[in-house]
Amino acid sequence: MKLTSDRLYANPEKAARRIMEHARAFEPIQDGRIYIEKINRPMLDEDKATPAEYWAGLQHAIGKGWLEYHESGTFVRMSQAGSDGG
């Protein structure tokens with residue numbers, strides 16, 4: 001008997017791809033910035049990812065070179081690899 005269900009975003013690759021979908025849905029502003037709340041709010045509130053799943057997905061996307069994370073933590077920028085479908 002299985003007491004817990006598998007989490008959809010437990011796999012960082014799946015979480016990263018969903019984060020990229022949210023990032024592509026937002027029209028970047030000044031200098032290509034995508035405010036972090038434009039990707040974390042939908043992931044946490046709508047997709048019901050846990051904070052750990054969201055963070056692992058974000059780190060995966062950064063590691064793959066799809067997103068560039070600003071040191072302030074307030075925004076990301078999509079790289080060419082992320083724009084191409086990463």
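Note the angle between two axes, namely the Cα long axis of helix 51-63 and the longest principal axis of the Cα atoms of the chain, as a number of degrees from 0 to 90, rounded to the nearest 10. The angle comes out near 50 degrees.
Computed over protein heavy atoms with a 1.4 Å probe, the carbon and sulfur contribution to the accessible area of the chain reaches 51%. For the chain, the solvent-accessible area with a 1.4 angstrom probe is 62 square angstrom per residue. Annotation: amide H of residue 67 within the under-5 Å range of 62, 79, sequence separation 5 or more or interchain, hydrogens built in the peptide plane.
Of 47, 6, the residue with the largest accessible area leads and the full order is 6, 47 (1.4 Å probe). Here is the list for the range 19-86: trypsin sites (Lys or Arg not before Pro) lying in DSSP coil, each with at most 12 other C-beta atoms within 10 angstrom of its C-beta, are 48. Every helix of 4 or more DSSP H residues in the chain counts as -39500 (n - 2.57), and over all residues that averages to -12000 deg cm²/dmol at 222 nm. Based on the reciprocal of the average 1/r between different C-alpha atoms, the Kirkwood radius for the chain equals 13.0 Å.
The values are calculated or read from the model by the stated rules, or taken from the named source; none is laboratory data. What you see is a predicted model, and the numbers here were worked out from it, not measured in a lab. Reconstructed Cβ throughout: ideal geometry from the backbone, glycine too, with neighbour counts over all protein chains shown. Just the protein is used for accessible areas: all its heavy atoms, side chains included, with ligands, DNA and RNA removed. Shrake-Rupley method; radii C 1.70, N 1.55, O 1.52, S 1.80 Å.
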